[in-house]
Every structure is written in C-alpha cells, then in structure tokens.
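Taking it in order: structure first as structure tokens, then the write-up.
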Amino acid sequence: MAVPTLPRRWLASLAGAILVAALPPSTAAVSVQLNPAGPINLVSGSPALLTKTVQATATDGVGPYTYTWTRTLGSQSSIFSWASGNPSIGAIVNWGDYFAETWTVTATDAAGATGAASVDITFTAPSADGVPDSANRVPIAGVVTQYRLTTALPVGQTTYPIQVYVPADYSATSDPLPVIYATDGGPLTNALVSVPWEFSDMVRIIEAQHLRMIVVGIGGTETRATDYLLPGANSFYQFLTTEIIPFVEARYDIDPTNRTLSGHSYGGLFCGLVFLRERPGARFFANYIALDGSFWVDPAQNIAMEQALDDATGGALPNTALALSGATGGNDTWVTQFYQQLTAYHFQGLQLYRIPSFNTGHTLMYDEALAASLLLISANLPGAVTLPAITIQPLGTTVTLGSALRLQVTAVGGGLAYQWRKDGIAISGATNSSYSVLSATNADSGTYTVTISNRAGSVASNPATVAVTTPTPLPPGPSSGGGGGGGAPSPAFLLALAVLALARRARRAAPSGAKGG
C-alpha cells in the first residue's frame, strides 16, 4: 500500500511475494552481501500475501553507503529510482504470474568506491488448480498493440512502453470511440513493468460490461513515485498531453471530447492532481477514475489546488465526472477527506461520485472499484455504451401465501436502468436489477417482465410467471380421550384398567364361599 512509510505502491499490489536474495561478494573496494541468500527460485501455491525482505550490507568501504538497484530482462534494464539509497528491496508478484530476471545492486561508499553483484530470480505462482493464471482468465477479445515512446522531457524515464487496446469490432472507419488513458498500464509481456495485471484486468472488465472503448496503458511503473507525485507530476502531465495523446490519437479514431484518466494509488493521486489543474477550455479529460488514491501525499497542496480551481472557474465546470473509491486496508480515510473537501465547493457541472468503501486491502479492491466506477461514469461516455444484453433471464416461480418472492435479472451494456412490470403494467419503484416482495399475497400472482435500457436503446426480458398458492391445512391432531382413533390411551383409561385388574385378582384370591361386603 502506498503509505508514507512505503516508497512504492507496487510492493503491495499483487498477491504472492518474491525478494531479491544474497548477491555474491564483489571484487571491488566495496563488498556487498544480502540476506537471505540466493539465487532464488520461488514457487507459491497460495494466494495469501507473502512478504519477505532482503537486506543489503556493504563492507570494506567508507560509510555511509548508498544503494542502487537494477533489474534486467534480456537486453532491457530498469533502475528502481524509488529504491535509491535503500538497503532493502523486494517484489510482490500476482498469484498466477511468472517471471525470471536478473537483479543487481550497486553500493557506493562515502569515498565514491563501489561494489556490485547480481542474482538471477525466478518466481512461479500457480493458481488454485495448479495451472498458470493466464490459462484460467477469460481471453481478451479485442486487439492489443505495443509501442515504445521516447521523450526528452524531464520525466522519470527516457522511454516508456505504451500499449493500446481496441474492441474486436473496431475499424478505422468506425465512429470515434471514447478512450481511457490508464497509468500503471505496462505491457503484459514485459516483466520490467511491476503491475501489468492492472491493464489486463481493466480490459476484461470493460469487455464484461460491453463497453466499446479504447484503452491506452502507460508503462514506466518503476518511476511512478517521480512521475505521479508533485513536482514530477507536472512534467508527466506535459508528457501525457503533448506527446502520448497526440501519438495515440494520430493512429486511432478517438473522440477527443471523451477522454478518461484512470489510476490506482499514486496513479489515483495523479488523476486527482490532473483534475485540479485542468481548466475549462483547456482541458484534456472529461472523466477521472481515482482508485484508492494516495491523497495523504501533501494534503495541504491538494487544498491549495482546490481553492485555485474554484477561484479560476467561479465554481462552474464543464460536464465532468470524477469517481473516487477507497479501501479500508488502504487510503480510504484520505480518499474520504479529499471527497469532503471537493464537496464543500459545490462545483457546478461536476458529477462527483464517492463509491462506498471496500472492506479489503489496497490492491484487492482494484477490480470491484474499477467496475463500479465504470458503471457510474458510463452515462458520461457517449459512444461507449452498447445495447443492453441480458445474460441471465428472470425465472418464474411458485411461492406460498405469506412467503418471500424475489425475481432477478443480470444484464450488461453500461449505464443500465431497470423497470419491472406485472401483467404489462409498470411497478412503481421497481427499478433495480431485482424485484422483491417480503410477504406474497394472491395479488402478486401474474406474469412479470423487466425492461432494461441505456443510451443505446432498451431490451425486454422473457416473461416470468409467478404463482402464489394457499398452504393446504394440516389434518387434525390425535384425540386426547381413551386411545380412540388409533391415538395413545389416556391416563384415565389406563387407571381404570389397572383398578379392574386389581379387582379381578382380589376376587380370585378370596376364600371359597366368602361374600363380599
């Protein structure tokens, strides 16, 4: 979790863990040793968050020491700028993922002498059924194309991986589509990118909701603590708006009035900062999705930017949607504070959504929070929503008088609205995906349908017939008298039998010729 004590969000972003291990002693003036020792070949069979820490120790030089960590995959190398100076480092890898790469640490002493060594690291995390997670996931139906974009701007890296997703039915002659620019969206095949799962999960969620959108995943995760936080966020915003957007939109048919910016953790903070800095008439984004944003970073700066936005706009914004979500095991308190500050300004034209808190961890909330955010802002995404499609029809049922009645429908399409009908007549207030009656009466018998609509059109469900029946009365219980009717004999009857038996025994025992009194 990106909290003040952690240098980087990706350390808590994936389930399962792997740490760099001991590097062999260097032949340079400075020797480096790490604990635990390597090389590492770690296999995880559990989705639980496994946390290990490797500690670097430099000797044979003049303290204090500084440390630089580098990870290499093939011919590509990347410096962990966020870990610069730290004697410990680690990586947490998504359950179901795999990577193999070389990690190198360089220690520099106060006199400038250095020592370096490397270790090969392999991490394999099978899913619950023992096969890689990639084999279990729903395949992406659309097309993903990868690029690398080089910049001379003062941002964290000189080259950033970019990947672009388009729907399966996309063509260059189709109507312009809405687009999401997603931070932490590095290529799925590049292990140098720490959180590739966010892009793939976003694409799968968009396809599951039947939204027709283009998704641009922006890599460079290793320098997110520079690029997504002020003052570096200013340079990265310039890179995004003057180089990434023109590069992508020169190649794809995108609606420039319908861009969305999304991010998680530091990326969520970056979304909030971009929202606060953009002005009507000169803005690049119409919608923002901030997932568990790290708004604990310089909250005073956030307040100053909020006031500046209000002063510059007079409190009037163009049609804008901002969806905020938080996790109780993450930045929820700070997300709530940011939301309350914005609410106090009453910005006109701003659709400000505060999704209820997710009672989970900083990373585990991602999929649910993103899905909820997309549903909320889909009404602000003309061209993205598709005609509603019912995936699970409501089913007819028979219930007894006085029992509960519940009908349910499941549909996709984005920005959905529901209206239930009984015998063709709309039911007042029945505007959710389910319809319930706590205590059914005979009047609830009938034929039910539900109409689902959005900006693209509407669709009606199949009819579901409901029958309310009266319970059959139970037969009367056994009589309490004399054991009649097959029931058990009553106590009085048993007592009478006992007295009669005693009397007969007394008569048999009396002397011959005796008479009764």
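We did not get these values from a lab; they are worked out from the coordinates using the rules stated. Computed from a prediction, not measured in an experiment: that's the story for all the values here. Methodologically, a virtual Cβ is constructed for each residue, glycine included, from the backbone with ideal geometry; neighbour enumeration extends over all protein chains shown.
Computed values, structure above
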item	result
Footprinting exposure proxy for Ser265, Ser357 (fewest neighbouring C-beta atoms within 10 Å first)	Ser357, Ser265
Packing-based exposure ordering (other Cβ within 10 Å, fewest first) of Ile214, Ile254	Ile254, Ile214
Cα gyration tensor category, rounded, prolate or oblate, for segment 138-380 with a/c compared to 1.5	rounded
Formal net charge of residues neighbouring Gly142 (Cβ-Cβ distance under 9 Å; K, R +1; D, E -1)	-2
Cut-off 12 Å between beta-carbons: net charge of the residues surrounding Leu405, Lys and Arg +1, Asp and Glu -1	+1
Theoretical gain in end-to-end length, Asp444 to Ala29 [0.36 nm per residue, Cα-Cα removed]	140.8 nm
His210, His346, His362 arranged by Cβ crowding within 10 Å, fewest neighbours leading	His346, His210, His362
Cα gyration tensor, segment 389-469 - rounded (a/c under 1.5), prolate or oblate	prolate
Local net charge near Asn359, Cβ-Cβ under 14 Å (Lys/Arg +1, Asp/Glu -1)	-3
